[in-house]
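A short reminder: the numbers here are calculations on the coordinates, not readings from a lab. As the structure is a computational prediction, the values presented were derived from the model and not from experiment. FYI the Cβ positions are ideal-geometry reconstructions off the backbone, even for glycines, and counts take in every protein chain you see.
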Amino acid sequence: QVQLVGSGGGLVQAGGSLRLSCAASTSLFNINNMGWYRQADGKARELVALIYSDGKTRYTESVKGRFTISRDINSKSVYLQMNSLKFEDTAVYYCYAFDGRGNSWGQGTQVTVSS
């Protein structure tokens, strides 16, 4: 299982920006895909963004054009730059990785957007 340590998040006004980071315990070349899911109060956990081993990215429709996922191979880290944040982006964000054998999750970080 991949160990994931997430950081970032916090409280921001609508229209503001935040950056999430997630560091993996293994080389990103050993990971098929990595990114973030989020879970708002009373709702199911949903995909936010993923980056694949070939560099391709995937976003949920509601964040396209506002969020950008990127990676740094050397630091074994993935980043989520969140711009133009909306109240509905408020949730606990979980770092996620799939290494071909199973799913791994980070500890979750709260993102709160005030309207």
Task: Separation between Cα centres of segment 88-109 and segment 36-55, rounded to whole Å - done: 7
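Could you tell me the relative contact order of segment 51-115? Use alpha-carbon pairs under 8 Å, at least six residues apart, and round to a whole percent.
Details: 72 pairs, mean separation 15.4, N = 65.
24 percent.
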TODO: Among the aspartates and glutamates, select those whose C-alpha is under 19 Å from the C-alpha of residue 64, and discard any that sit fewer than 8 residues away in the same chain.
DONE: 46, 88, 89
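Among residues other than residue 12 whose Cβ falls under 12 Å from its Cβ, what is the net charge (Lys/Arg +1, Asp/Glu -1)? Can you show the working numbers first?
Details: positive: 19, 86; negative: 89.
Value of the local net charge: +1.
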- [ ] Find the relative contact order for segment 1-79 and round it to a whole percent, using C-alpha pairs within less than 8 Å whose residues are 6+ positions apart.
- [x] 28
Task: Total formal charge among the other residues, if their Cβ is under 13 angstrom from that of residue 58, Lys/Arg +1 and Asp/Glu -1 - done: -1
